[in-house]
Amino acid sequence: MTIQWEQFTPWASLAGGVAIGIAAAMLILFNGRIAGISGIVGGLLRPVRGDVDWRVAFIAGMFLAPLAYSVFATVPTPQIDADSPLLVIAGLLVGIGTRYGSGCTSGHGVCGLSRLSPRSMVATAIFMSAGFITVFVVRHLVA
């Protein structure tokens, strides 16, 4: 195993983590809501009066932030090593998993763990384990 040092970005990663933490803290402090993306988007599928504006603003911020970042720095070009049908299947599986798990990685992994939620601790352990196993199988057993 080798480390790709050009991909090692501790300061940018720390800044991103701090930004996510601040955004999640602000959302719960000022709006009383957990920053789980599946819950935020799901709330738009069945809109409740007076509950749409903040959801749209949060999602818009997720799309506008990279555009603002691109003013100051070069945005890396993503490389996706999968074809479209596989990505669609993966997306559907993630969607199903967030429904069964009552939340997504951001809701459980970021916000749930910071609140010391036992349910989020179990959910995070399960999805992280599933990710580790999937990478191992794909890289070492299938390929």
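The values are calculated or read from the model by the stated rules, or taken from the named source; none is laboratory data. Treat the numbers as computed from the prediction; the structure is a model and nothing was measured. Glycine gets a Cβ as well: all are built from the backbone with ideal geometry, and neighbour counts include every protein chain shown. Calculation scope for accessible area: heavy atoms of the full protein, side chains included, ligands and nucleic acids excluded. Shrake-Rupley method; radii C 1.70, N 1.55, O 1.52, S 1.80 Å.
Annotations for the structure displayed:
- Nitroxide proxy distance, nm - points 7 Å out along Cα→Cβ at Thr74 and Ser114: 3.2
- 1.4 Å probe accessible area per residue over the chain, in Å²: 79
- Put the Cα centre of region 1-66 next to the Cα centre of region 67-103 and the gap is 14 Å.
- Comparing mean-square fluctuations of Gly32, Gly95, Gly21 from a GNM of the chain with C-alpha springs under 10 Å, the top value falls on Gly32.
- The shape of region 28-103 comes out oblate: with a ≥ b ≥ c from the C-alpha gyration tensor, a/c is at least 1.5 while a/b does not beat b/c.
- Counting only protein chain heavy atoms and rolling a 1.4 Å probe, the accessible areas of Leu64, Leu113, Leu45 rank, largest first, as Leu45, Leu64, Leu113.
- Each peptide among 100-106, 9-15 gets the average number of other Cβ atoms lying within 10 Å of its residues, and from highest to lowest they stand as 100-106, 9-15.
- Point-charge dipole on Cβ atoms (K/R +1, D/E -1) for the chain, about Cα centre, debye to 20: 520
- Residues Leu141 and Leu44, FRET efficiency given R0 of 41 Å [Cβ-Cβ distance, rounded to 0.05]: 0.55
- Only one of (i) 1.02; (ii) 0.94; (iii) 0.98 was calculated from the structure for Rg/Rh (Cα atoms, Kirkwood Rh), and its label is (iii).
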